[in-house]
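Down below is the structure, laid out as structure tokens.
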Amino acid sequence: LEQKSYLGVTPPISTAESTDREKEVTVTLLEELRRQNTFESEEESRTREIVLGRVAALVKKFVHRISIAHGLSESAANAAGGKIFTFGSYRLGVHGPGSDIDTLCVVPKHVSREDFFETFEPMLKELEGVTEVSGVPEAYVPIIKTKIDGIPLDFLMARLNLAVIPDDLSLQDDNLLRNLDERCVRSLGGSRQIGEILRLVPNVDVFRDALRCIKLWAQRRAIYSNVNGFLGGVAWALLVARICQLYPKALAGAIVSRFFIIMYQWSWPQPVLLKQIEDGPLQVRVWNPRLYPADRSHRMPIITPAYPSMCSTHNVTQSTQMIMTEEFKRGADIVDKVIVGTAEWSELFSKHDFFHKYRYYLQIIASTGDQDLQMKWSGTVESRLRQLVMKLEYVESLILAHPFVKGFDQVSHCLNEDEVKAVAQGEISEAIAGRKKEDIEGKEGAKTVFTTTFYIGLAIQPKQAGAVGPRRLDISYPTTDFSKLVKMWDKYDEKTMCLVVRHIKSSALPDCVFDPGERPAKVTQKRV
Ligand code: 3AT
Ligand code: MN
Ligand code: MN
């Protein structure tokens, strides 16, 4: 029987080494990535290692403390162990300056999630160099966010069914998931997926350099965002990893070039897999379009490799798929030119043109009178935006509805109820915009309003030749429907939260969506 000699679900496309030209463009690519400031300094890198060392020791101290409280002997408490695993961009080796370190704390079975928030969190607060600590125990994936020596860290925790967590523990074994709390299974997920990705690529250094390029490109082109229907960090990593499998000997420059052309031509909804999907010991769903209709609706399925395998691109819609496909094409064209020497890598990373591209935009304005509430309300609205995009996709004369990847936050100090109403409608006059907190302090009826404005660009079908009268675009149904849907949120309160959806012409876009000097010259009739 022939032994499989390759990584992936098919043999490689080519096992050839990169050409001399591909070597050259790989060198210039890395130079450009350095110029674009995607790498941290050596000093920051050392700080991270020191912080991680201190954190690893703190986790052991925490497990020791809880063990003693449970009546274990000093030696048993020491042996109980405790280990940290990193995941996210740091573990992948593609983090930039200022990235966080996503850190999973693995503890033995006598240490509980309550201990994590009641004992470990206060221990963190006492650690030298800690500036921020905030635990969110009720989150879907419970988390403690912190900053140590200037480095942001996200802490998750998983309690395994083991009396002792040895230093050489690996999380690869699916049986570790047996009889665990769901939150622990979810917390282990990120780390297990990344461990598997790194095992499934032929050359980790090539993978890292190519992924760094794709990440920067996707961020600059405004298509890096899972919640808005584009791809998140894990999905981009999986795509690059698959290309690495298909060209196991290629250098990063060659991987990037194949990446664009293969992704442009991919026959979706054929899934991208790094290995065959495996079954495992839990009563949980594994991605399976033959069994589950919901999985059949995934347009660009990119499947995580570790059990339980899931689709990392659940949010992709018809519109976002079209936008990404266009970007793959643009990338392929530029990289072709880079290879023949008629373009520079920097062209690949030029800023998106979202706010220049459309004649009409939808503004979705979420507002409240309180900063903390605003975070929750705008987050809820943002998480439902793709529902609006999908409803708009049914509108006949719309070719696509293009959601922008981030909302714009503004704080407005209003003197009266009329101003409050105007701001909530997106009408922030220069007088309001220029006002400071002090200007309204102590004034009766004055109020501060927090707004977050999301944008959807509307590509409208050109008017049919011979058609009579103006083309009508009726989007009242999808927008009303969307408002209703958002307000079904169980914490929605009509007295404190406001949502406005309206459409504007591109000329009415506010200055804050443009970089200084980016705004196209307006045709002004006022100044003659
Ligand atoms: P950065 O370099 O940190 O910007 P990253 O890929 O590490 O890039 P994050 O730190 O935001 O990005 O996320 C790392 C992983 O943590 C990705 C995902 O598995 C998990 N994760 C992120 N946000 C959440 C969330 N809100 N809830 C649960 N898991 C999350
Ligand atoms: Mn991270
Ligand atoms: Mn994080």
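The values are calculated or read from the model by the stated rules, or taken from the named source; none is laboratory data. Note that this is a predicted model, so its numbers are computed, not measured. Every residue, glycine among them, receives a Cβ derived from its backbone with ideal geometry; neighbour counts consider all protein chains shown.
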**OP:** Go through (1) crowded, with 17+ Cβ neighbours inside 10 Å; (2) more than 16 Å from ligand 3 (Cβ to nearest atom) one by one and return the number of the condition Val51 breaks.
**Re:** (2)
**OP:** Looking only at region 77-84, decide whether some residue is among the β-branched types (Val, Ile, Thr), away from ligand 1 (no atom under 16 Å from the Cβ) and over 17 Å from the mean Cα position of the chain (by Cα).
**Re:** no
Original post:
Looking at His110, His95, which is the one that is outside the structural domain of Asp209 (by TED's automatic domain parsing), touching a residue at least 40 places away in the same chain (Cβ under 8 Å), outside any strand (DSSP E or B) and within 16 Å of ligand 2 (Cβ to nearest atom)?
Top reply: His95
Subject >> Check on Ile13, of a type in the set (A, V, I, L, M, F, W, C), within 16 Å of ligand 1 (Cβ to nearest atom) and not in a helix (DSSP H, G or I) >> reply: no
Subject >> Selection status of Ser45, within 27 Å of Trp345 (Cα to Cα), without any contact (Cβ under 8 Å) to a residue 60 or more places away in the chain and part of a helix (DSSP H, G or I) >> reply: yes
**OP:** Given the conditions (1) part of a strand (DSSP E or B); (2) away from ligand 3 (no atom under 14 Å from the Cβ); (3) surrounded by 17 or more Cβ atoms within 10 Å (Cβ to Cβ); (4) of a type in the set (Val, Ile, Thr), report the number of the one that Thr131 does not fulfil.
**Re:** (3)
Original post:
On the given criteria, is Glu118 within 16 Å of ligand 2 (Cβ to nearest atom) and either β-branched (Val, Ile, Thr) or not in a strand (DSSP E or B) (or both)?
Top reply: no
**OP:** Out of Val111, Val201, report the one residue that is surrounded by 15 or more Cβ atoms within 10 Å (Cβ to Cβ) and more than 25 Å from Gly233 (Cα to Cα).
**Re:** Val111
**OP:** Could you please tell me which pairs satisfy a Cβ distance under 8 Å, a separation of 6+ or placement on different chains, a first residue in region 1-29 that is in contact (Cβ under 8 Å) with a residue 40 or more places away in the chain and within 24 Å of Ala343 (Cβ to Cβ), and a second residue that is of a type in the set (S, T, N, Q) and assigned to a loop (DSSP other than H, G, I, E, B)?
**Re:** Thr26/Ser18
Original post:
Picking from Val284, Val256, which residue would you name as being in the same structural domain as Cys311 (by TED's automatic domain parsing) and either buried (at least 23 other Cβ atoms within 10 Å of the Cβ) or assigned to a strand (DSSP E or B) (or both)?
Top reply: Val256
Original post:
Under the condition of being away from ligand 3 (no atom under 16 Å from the Cβ) and among the acidic types (Asp, Glu), which residue from region 142-197 is surrounded by the most Cβ atoms within 10 Å (Cβ to Cβ)?
Top reply: Glu196
Original post:
If Arg183 passes every condition in (1) within 28 Å of Thr317 (Cβ to Cβ); (2) basic (Lys, Arg); (3) in contact (Cβ under 8 Å) with a residue 60 or more places away in the chain but one, which one does it miss?
Top reply: (1)
**OP:** Quick one: which strands (runs of 3 or more DSSP E) lie wholly within region 347-430 and hold at least 2 residues that are crowded, with 21+ Cβ neighbours inside 10 Å and without any contact (Cβ under 8 Å) to a residue 40 or more places away in the chain?
**Re:** 408-414
